[in-house]
1. Over 17 Å, how big is the tail of the calculated P(r) for region 160-199, in percent of all Cα pairs?
2. Do any trypsin sites (Lys or Arg not before Pro) in region 102-175 lie in a DSSP loop with no more than 14 other beta carbon atoms within 10 Å, and if so, which?
3. Determine, at each q value in 0.19 (inverse angstroms), the log₁₀ of I(q)/I(0) that the Debye formula gives when each Cα of region 31-111 is one equal point scatterer.
4. Run through region 102-210 and list the GluC sites (Glu not before Pro) located in a DSSP loop whose Cβ has at most 12 other Cβ atoms within 10 Å.
5. Computing the accessible area with a 1.4 Å probe over protein heavy atoms, can you report the carbon and sulfur percentage for the chain?
6. With an 8 Å cut-off on Cα pairs and a minimum separation of 6 or more residues, tell me the relative contact order of region 142-210 in percent.
7. Using a 1.4 angstrom probe, figure out how much accessible area the chain has per residue, in square angstrom, rounded to the nearest whole.
8. For a quick check: with amide H placed at 1.01 Å from N, whose amide H comes under 5 Å from Asp22's, ignoring anything fewer than 5 positions away on the same chain?
Amino acid sequence: CGVKEKSNKNIIYVSEINPEADYYIKNCTQLIDGLIVNIVDNYTSNSHKEYEMKIDIIGKHNAFNIAAAFAIGQWAGIKESNIINNLQKYHSQGFRQVLKQVGEQQLYLDCFSLTEKSTITSIKTLCELPCEGRKVAVIGGAGHFGSELHSTFSRIAEQIKSFSFDLLVCFGEKTKALYSGVEKQGNIETVFCSTMEELISFLHTTKHDD
């Protein structure tokens, strides 16, 4: 990830694997109510200083956005304490990367666009969330896959076979390719619901701590 200051300036590099990067994401911990991110600043005069912040957002992939925002804030001359305070005011809203309490269950919502990358990222994030019961992924719709529908869902099925979640619920006729691919592997319990009524009925059978 890079943030270009101006056309005649250097690129600022953000990395989670290279401790020599301008901004090194030293740690990113997923909690049930957000992320704890530790960023090491190797760029400014406060070289190698580490900053910790807790942000109300779900998904470790957001650490890059947080680090980039921190870098831009420093470039703009904002004090580090003010940057962190403002980042920590952020709250996920609506149906995008937000956790909601529904009865006795925690519901992670990430309804934005159904693409191969977003589907993989959402399921991976679900796997990283702490949970006492089962982790249940519900996928519906078909995005904009078009003629690539079957091959895309086949690739998704192959990629998530090693993920640590307990149940996949596929909703809608266009998700049959995903359902078939995961069911064939046999390592993740899989359910197919063709209608909204079937989906609601099945979800009512899930346990209180799922």
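1. Values: 198 of 780 pairs.
Summing the P(r) tail past 17 Å for region 160-199 gives 25 percent.
2. Values: sites: Lys117, Lys124, Arg134, Lys135, Arg155, Lys161, Lys174; in loops: Arg134, Lys135.
Of the trypsin sites (Lys or Arg not before Pro), the ones in loops of region 102-175 whose Cβ has at most 14 other Cβ atoms within 10 Å are Arg134.
3. Values, matching the q order: -0.82.
4. Numbers: sites: Glu104, Glu116, Glu128, Glu132, Glu148, Glu158, Glu173, Glu183, Glu189, Glu197, Glu198; in loops: Glu104, Glu132.
Those that pass, being in a loop and sparsely packed, are Glu104, Glu132.
5. Working: 6260 of 11980 Å².
It is 52 percent, rounded to a whole number.
6. On the way: 68 pairs, mean separation 20.4, N = 69.
Averaging sequence separation for qualifying contacts and normalising by length gives 30 percent for region 142-210.
7. Working: 11980 Å² over 210 residues.
It amounts to 57 Å² per residue over the chain.
8. Tyr13
The values are calculated or read from the model by the stated rules, or taken from the named source; none is laboratory data. The structure displayed is predicted, hence computed values, not measured ones. Glycine also receives a Cβ, built like all others from the backbone with ideal geometry; neighbour counts cover every protein chain displayed. Keep in mind that these areas ignore ligands, DNA and RNA; they rest on the heavy atoms of the full protein, side chains included. Shrake-Rupley method; radii C 1.70, N 1.55, O 1.52, S 1.80 Å.
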